[in-house]
Ligand SMILES: [Zn+2]
């Protein structure tokens, strides 16, 4: 039934890797044409770092691509604003937990905005859902999946036959939290749903006395309240698979008696850059098994500094391009070097955009986007020498995205797209006296590029500049102009001017390289 309905609405065939089955599965939604997607958000006790931005960038792209392909998507990212870490940090800073949460949530939102992540529909805060969380826990107690013990409430993992199904482990293999609460639990693997408040800690009244919710129960309660008992996609970093997601499944499925989410998607974690691949040339390795990355979390380095500090040295566009140049299930090689590489790769796009404007075209950032169906119609009507190549690159891009959102191959095909357009401009002599038909074809081709980059959330607004740093896009387009003036001088046998340009650039620290396919430049 679902299949016929999807076909009737001509939704494309997409496959998603599901951590639950360890395999790629055809994408089928609970409600035809609609997608409910939940991503575990941050615990807001410290400024966010790059690790907090990976999930939002990836799932923002997932949403963009699904919407582009014809689905209606509701995306929820929660904010954990009550937690042991928040209590400790707010005490250390001498402020209330609510004020600390407000400050760090604002920091998180600023960073999302810098990266152009604007597709989140709901950002529920745990403290706004205490009533629903208590009702959820009461439901588990009533069904005998949970028990109260001295003001705490624990989930009884021995009552849940399925416990461990996400990570294929038995109850005996799991170790619960130790410490002072260990003796209140029936078995070590049981986990807290409700924690009794100590004196002076923020607390809410409950049937078990004053306390606060555990971390796992927040996500079960809020996803259920906003997306329903069974929704489509649950996402998060690989570090959340166990125990967090295993426990979410245990809570939600024990209470509701149905699957919590159909697809469990997990993104790879940050790794300090070592054997990183090239950003612009070829895709990095495709996603490996989650277990391969168990211990790869980045520690003290670029990855751990506040994201706002990173933004003083690197443009958000370069950071975003780097994240998307890796398949989302692979570890992300992160550091100054890959970021620099990504910034240079970005210039290939920005030089083409500047070139297009020099040819009389509009700003690429202002071009209209379009959906997948409209794009297919437009590409079919393309004519001329470039039509087949454009169609083939678009197909490669879409096939990569349909195959578990392989942004690595999608990004690589965009670089090929840029090369193709530059070649087209050169071969058709569009820089000089453009024939009208070819000039129109160029407009159509740029719209295809805009269609595809838009699904990744790239180039949707004018590029940002680094405060105190050089405006790389401006330098790029000025260099294009200087190189063209020098080429004209040489063509007109005005070698004195050509040499003057080269020498002056040399003094400014810029080296020209004359190659068979034109003149390139680099900083000395
Ligand atoms: Zn969660």
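Here are the numbers for this structure:
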| quantity | calculated |
| --- | --- |
| Residue within the range 29-37 that is more than 15 Å from the ligand (Cβ to nearest atom), crowded, with 21+ Cβ neighbours inside 10 Å and more than 19 Å from the chain's Cα centre (by Cα) present | yes |
| Output for the range 486-503, where each listed residue is farther than 11 Å from residue 519 by Cβ and either surrounded by 13 or more Cβ atoms within 10 Å (Cβ to Cβ) or more than 47 Å from the chain's Cα centre (by Cα) (or both) | 489, 491, 492, 493, 494, 495, 496, 497, 499, 500 |
| Residue check, residue 230 within 16 Å of the ligand (Cβ to nearest atom), modelled with pLDDT of 95 or more and either in contact with a helix residue (DSSP H, G or I) (Cβ under 9 Å, 6 or more places away or on another chain) or within 30 Å of residue 321 (Cβ to Cβ) (or both) | no |
| The range 121-155, residues that are part of a loop (DSSP other than H, G, I, E, B) and in contact with a strand residue (DSSP E or B) (Cβ under 6 Å, 6 or more places away or on another chain) | 121, 123, 151 |
| Pick from the range 205-215, criterion in contact (Cβ under 8 Å) with a residue 60 or more places away in the chain and buried (at least 20 other Cβ atoms within 10 Å of the Cβ), ranking: nearest to the ligand (Cβ to nearest atom) | 215 |
| Strands (runs of 3 or more DSSP E) contained entirely in the range 184-278, each with at least 1 residues that are under 15 Å from residue 132 (Cα atoms) | 191-196, 211-213 |
| Residue in the range 323-332 that is in a helix (DSSP H, G or I) and either within 21 Å of the chain's Cα centre (by Cα) or surrounded by fewer than 19 Cβ atoms within 10 Å (Cβ to Cβ) (or both) present | yes |
| Test: residue in the range 445-454 that is outside any strand (DSSP E or B) and at pLDDT below 95 | no |
| Pick from the range 74-91, criterion in a strand (DSSP E or B) and touching a residue at least 60 places away in the same chain (Cβ under 8 Å), ranking: nearest to the ligand (Cβ to nearest atom) | 80 |
| Verdict on residue 193 being at pLDDT 95 or above, within 13 Å of the ligand (Cβ to nearest atom) and buried (at least 17 other Cβ atoms within 10 Å of the Cβ) | no |
| Positions within the range 157-172 being at pLDDT 65 or above and over 21 Å from residue 259 (Cβ atoms), in sequence order | 158 |
| Of all residues making up the range 152-172, the number that are out of contact with any helix residue (DSSP H, G or I) (no Cβ under 9 Å at 6 or more places or on another chain) and more than 11 Å from residue 187 (Cβ to Cβ) | 3 |
| Set 96, 69, 10, 21: member being buried (at least 19 other Cβ atoms within 10 Å of the Cβ), more than 22 Å from residue 221 (Cα to Cα) and more than 16 Å from the ligand (Cβ to nearest atom) | 69 |
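Quick grid of which residues meet (1) crowded, with 19+ Cβ neighbours inside 10 Å; (2) within 16 Å of the ligand (Cβ to nearest atom); (3) within 14 Å of the chain's Cα centre (by Cα); (4) not assigned by TED's automatic domain parsing to the domain that holds residue 334:
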site: 235; (1), (2), (3), (4): yes, yes, yes, yes
site: 239; (1), (2), (3), (4): no, yes, no, yes
site: 245; (1), (2), (3), (4): yes, yes, no, yes
site: 250; (1), (2), (3), (4): yes, yes, no, yes
site: 254; (1), (2), (3), (4): yes, no, no, yes
site: 258; (1), (2), (3), (4): no, no, no, yes
site: 263; (1), (2), (3), (4): yes, yes, no, yes
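The values are calculated or read from the model by the stated rules, or taken from the named source; none is laboratory data. Only a predicted model underlies this, so the values are computations on that prediction, with no experimental measurement involved. Here the Cβ is made from the backbone with ideal geometry for all residues, glycine too, and neighbour counts use every protein chain on show.
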